[in-house]
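The values are calculated or read from the model by the stated rules, or taken from the named source; none is laboratory data. Just so you know, these numbers come straight off a predicted model, no measurement behind them. When we count neighbours, we look across all protein chains shown, and the Cβ atoms used for this are built from the backbone with ideal geometry, even at glycine. What goes into the accessible areas is simple: the full protein's heavy atoms, side chains included, and nothing from ligands, DNA or RNA. Shrake-Rupley method; radii C 1.70, N 1.55, O 1.52, S 1.80 Å.
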Amino acid sequence: MGFAEVLMNLRTIFRNLDFCKQDILGYRPDALILIDYPGFNMRIAKWAHQARERSHQQNPRIIYYISPQVWAWKEGRVRQIRETVDKMLVILPFEKAFYKKWNYDVEYVGHPLVEVIDRFRPSPPPTLDLIPPRPPGPTKPIIALLPGSRKQEIEKKLPIMLEASRHFPDYQFVVAQAPGQEPAFYNHLTAAYPNVGSIRNQTYALLAQARAACVTSGTATLETALFGVPEIVCYKGSTVSYQIARRLIKVKYISLVNLIMDKKVVKELIQDELTPDNLRRQLEDLLQNNTHQQQLRDDYRQLKELLSQGGHASANAAASILRYLTPNQ
């Protein structure tokens, strides 16, 4: 999601790597379970494998839960995974077939978001604590704005979403504020838009009530789909990061929804395509086109079935790890 942003934080990343290595050496675990975060965890996996070989020990067994996105870019990293990771647990159904091409057997355990969202669903949804408070009068239907969590991406995408909101006076637009950003940061951006409010720490409650959503690419696109909310996926990065990504990334889509379904389920507005006018047209279609809405509902249902094939992902992952470490029990 950003290359310049990573470079600015390299010193902290390397300091944390050193701390993690010393902690593993001191604790001497039977198993090392790496979760997501490939830039960090791939380095730890390589180091732990080499340390194990040098000591001629069997442990720690190296298990990776939530695969690096090697299917999107740097596919050659599969060689390192195959050499250093004893067991890989994946959460996207197409990843099993991808790794099979490399003669590496992985286990699909389902996606943890399915159970998280199923547990959340309240009836009726909780009241949203809008900032500023909702004005008196008839309640307007809600459109959710999920502009991301990092300041750089919010500053690029939220103003475009806000400009599009001017064309929908009969709707209440609600921005999901990121916990890591101060409310004042959002207030400065939204002050000129009377039909826009914000919420904090209520994103799922917002999605449970939204008629449609404009969502930054990432996990939020999958969360929105699992709530059954029609969405438009928005991405606009720095020119440098975008040009690098275009040359490195090999996937047809940027949203997890489209990647998992292997077709264009939700509209993606990327870089120069993300304009207020394009966003307005796509939102109008989502809100007014009944055929489009029905097709989305059907696709979302299939998506959830695909992601639920492994049952409860977290329990499946834990059970798989225990079976792997204690095969004779």
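Rounded to the nearest whole angstrom, the semi-axes of the ellipsoid equivalent to the range 97-205, taken from the Cα gyration tensor as √(5λ), stand at 34, 19, 13, largest first. Put simply, the Cα atoms of the range 188-306 extend 41, 38, 29 Å along their principal axes, the longest span coming first. For the range 34-98, the Cβ-based charge dipole about the Cα centre amounts to some 160 debye (Lys, Arg positive; Asp, Glu negative; other atoms uncharged). Remark: for residue pairs 21/87; 21/250; 101/250; 74/156; 236/264, the C-alpha separation exceeds 23 Å in 21/250; 74/156.
For the pair residue 46 and residue 293, a Förster radius of 35 Å applied to the C-beta separation gives a FRET efficiency near 0.15, rounded to the nearest 0.05. If the chain linking residue 35 and residue 139 were pulled fully straight, counting 0.36 nm for each residue of separation and taking away their Cα-Cα distance, it would gain 33.2 nm. Solvent-accessible area per residue in the chain equals 53 Å², computed with a 1.4 angstrom probe and all protein chains kept.
Of all the accessible heavy-atom surface of the chain, with the other protein chains kept in place and a 1.4 Å probe, what percent is carbon and sulfur?
Numbers: 8990 of 17410 Å².
After summing per-atom areas, the C and S share lands at 52 percent.
First measure r as the distance between the Cβ atoms of residue 152 and residue 131, then evaluate 1/(1 + (r/R0)^6) with R0 = 25 Å and state the FRET efficiency to the nearest 0.05. Could you put the intermediate results ahead of the total?
Values: r = 22 Å, r/R0 = 0.90.
FRET efficiency, residue 152 to residue 131: 0.65.
From its DSSP helices (H runs of at least four residues, each -39,500 (n - 2.57)), the chain gives a residue-normalised ellipticity at 222 nm of -14500 deg cm²/dmol.
Translational diffusion coefficient of the chain at 10 °C, 1.306 mPa s, Stokes-Einstein with Kirkwood Rh over Cα pairs, in µm²/s as a whole number.
Details: Rh = 21.8 Å.
Estimated diffusion coefficient is 73 µm²/s.
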